[in-house]
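The values are calculated or read from the model by the stated rules, or taken from the named source; none is laboratory data. The structure presented is a predicted model; accordingly, all values stated were derived computationally and were not measured. Positions of Cβ are generated from backbone atoms using ideal geometry, with glycine treated the same way; all protein chains shown enter the neighbour counts. Just so you know, the surface numbers come from the protein's heavy atoms only, side chains and all, with ligands and any DNA or RNA stripped out. Shrake-Rupley method; radii C 1.70, N 1.55, O 1.52, S 1.80 Å.
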Amino acid sequence: AEGVLRQHERGKLTVRERIAKLSDPGSFHEIGKLAGAATYEGDRLTSFRPANSVMGICTIEGRKAILTGGDFTVRGGASDAAIGNKGALGLRMALNWRLPFIRLLDATGGSVRTFEQIGRTYIPDMNEYCAVNGKLLGIAPVVSAVLGSVAGLPAVEACLAHWNIMVK
């Protein structure tokens, strides 16, 4: 973790570079790599926006862990780009497999664009998410690292951990 933080101070890393530095070499196996939103005109793919997070399983110093990382380069990490709900999936996997859970947070949470599209704001239903996170806290280590701009749900996630670290 110290290497990731020191590198972060010299220049911002991508989420996959952070994961590569934190996990044992070659051990990260991404889940949901192709998750995203596709736009079609007829049968032709015209654009693709990837999900704004990365999730998978890795080893860190030989121990298995579930790891998620926010990707600020996709819509600033806004929650309306959270295609596939990888964070909740990662939590459930960590709980079911009784593995440590690590969050690399760099996301803004809600967005004005969603407000403009649906014409209102909303309060996310956090009941299941908090219940799963609460159960996991009683079973396995949960770590959050705040590595960039964090607001909304990612700010809450920073607190839903046994240990939290923040860069300058």
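Once the Cβ-Cβ distance of residue 47 and residue 131 is raised to the sixth power relative to R0 = 35 Å, the FRET efficiency obtained is 0.45. With a 1.4 Å probe and all protein chains left in place, how much of the accessible area of segment 119-168 comes from carbon and sulfur atoms, in whole percent? Answer for segment 119-168: carbon and sulfur cover 63 percent of the accessible area. Reducing segment 131-150 and segment 9-47 to their Cα centroids gives an inter-centroid distance of 21 Å.
Within straight-line reach of residue 33, meaning a Cα separation under 24 Å, sit the following lysines at least 8 residues removed in sequence or on another chain: 12, 21, 64, 86. Annotation: for a label point projected 7 angstrom from Cα along Cα→Cβ of residue 61, residues of segment 142-168 with backbone N closer than 20 Å are 142-146, 161-167. Ordering 154-167, 34-47, 58-71 by mean Cβ neighbour count within 10 Å, with the highest value first, yields 58-71, 154-167, 34-47.
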